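**Student:** Quick one: the structure is below, and I'll ask about it shortly.
What follows is calculated from the coordinates using simple rules that are stated; it is not laboratory data. Worth saying up front: this structure is predicted, and the values here are computed from it rather than measured. All Cβ positions, glycine included, derive from the backbone under ideal geometry; neighbour counts span all protein chains shown.
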Amino acid sequence: MLQKVLIEIFDRDLANLKTEVEAYANEDDLWRVDGEIANSAGNLCVHLTGNLRHFFGAVLGATDYVRDRDAEFSSKFVPRAKLLEDIELAKTEVRTVLEGLTEEELSKPYPVEVFGHPMTTEFFLVHLAAHLNYHLGQINYHRRLIATI
């Protein structure tokens, strides 16, 4: 049951991420920072797709994706088309992994101790959904704020 809920949430929020990235009238605004805004929407998008492709794809799905977390926040002016492509890749990897997980696997410890202590796979996947939604809200706010500056 949790599997289906997570698939629905990740599908919805990754579709919303795509919509947000597409909604920037000026592609360069994806990368704007101003005043106290430390992270651009572009960097948050790169971070989200890197995070999901790592924790779902590489760790649980044994893909060959290699995460470069530092680059997620230092990259500049990645073309919008590449951001959108990465969203689709993340969406595919998340769905593929979730569809393949059993209830037993969800209740087992996640293979990596991300927070310095063990947690179940289901706990960590719910955390990843919340993390995606948190940054999605930041991107939405960034887009609306940057449009007024």
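**Student:** Using Cβ counts within 10 Å as a stand-in for footprinting exposure, how do I149, I87, I37 rank, fewest first?
**Tutor:** I149, I37, I87
**Student:** How large are Rg and Dmax for the chain when only the alpha carbon atoms are used, in Å?
**Tutor:** When restricted to Cα atoms, the chain yields Rg and Dmax of 15.6, 50 Å.
**Student:** Under the rule of at least 5 residues apart or a separate chain, name every residue whose amide H is placed under 5 Å from the amide H of T120.
**Tutor:** Y110
**Student:** Can you tell me the relative contact order of the chain? Whole percent, Cα pairs under 8 Å, sequence separation 6 or more.
**Tutor:** 33
**Student:** Follow-up question, since we're still on this one. Fewest first, what order do H127, H135 take by the number of other Cβ atoms within 10 Å?
**Tutor:** H127, H135
**Student:** Please report the relative contact order for the stretch 92-149, taking Cα pairs under 8 Å with a sequence separation of at least 6, and give it as a percent rounded to a whole number.
**Tutor:** About 20 percent, as a whole number.
**Student:** Order of V94, V5 from fewest to most other C-beta atoms within 10 Å?
**Tutor:** Exposure proxy ranking, most exposed first: V5, V94.
**Student:** Indicate the helices, whole DSSP H runs only, in the chain that combine a mean Kyte-Doolittle hydropathy of 0.0 or more with a Cα extent along their long axis of 18 angstrom or more.
**Tutor:** Helices meeting the criterion: 2-23, 121-146.
**Student:** Got a sec? Charge dipole of the stretch 35-149, +1 on Cβ for Lys and Arg, -1 for Asp and Glu; which of V66, H127, N43 is way out at the positive end?
**Tutor:** Value computed over the given set: N43.
**Student:** If each of Q138 and M119 carries a label point 7 Å out from its Cα toward its Cβ, how far apart are those two points in nm?
**Tutor:** The two pseudo-label positions are separated by 1.7 nm.
**Student:** Each label point is 7 Å from the Cα along the Cα-to-Cβ direction; what then is the distance between the points at K18 and E36, in nm?
**Tutor:** In this crude label model, K18 to E36 measures out at 3.4 nm.
**Student:** Something else: Return the FRET efficiency for the residue pair L2, T92: r is the Cβ-Cβ distance, R0 is 25 Å, and the value is rounded to the nearest 0.05.
**Tutor:** Rounded to the nearest 0.05, the efficiency is 0.80.
**Student:** Give the lysines reachable from K76 as a straight Cα distance under 25 Å; neighbours fewer than 8 places away on the same chain don't count.
**Tutor:** Output for K76: K18, K91.
**Student:** A further question follows. Counting only the backbone N, which residues of the stretch 57-73 are under 11 Å from the spot 7 Å out from the Cα of D28 toward its beta-carbon?
**Tutor:** Flagged as within label range: none.
**Student:** Return the calculated 222 nm mean residue ellipticity for the chain, to the nearest 500 deg cm²/dmol, obtained by summing -39500 (n - 2.57) across DSSP H runs with n ≥ 4 and dividing by the residue count.
**Tutor:** That calculation yields -20500 deg cm²/dmol at 222 nm.
**Student:** Can you work out the FRET efficiency for the pair K82 and T102, with r the C-beta to C-beta distance and R0 = 41 Å, to the nearest 0.05?
**Tutor:** So the FRET efficiency works out to roughly 0.75.
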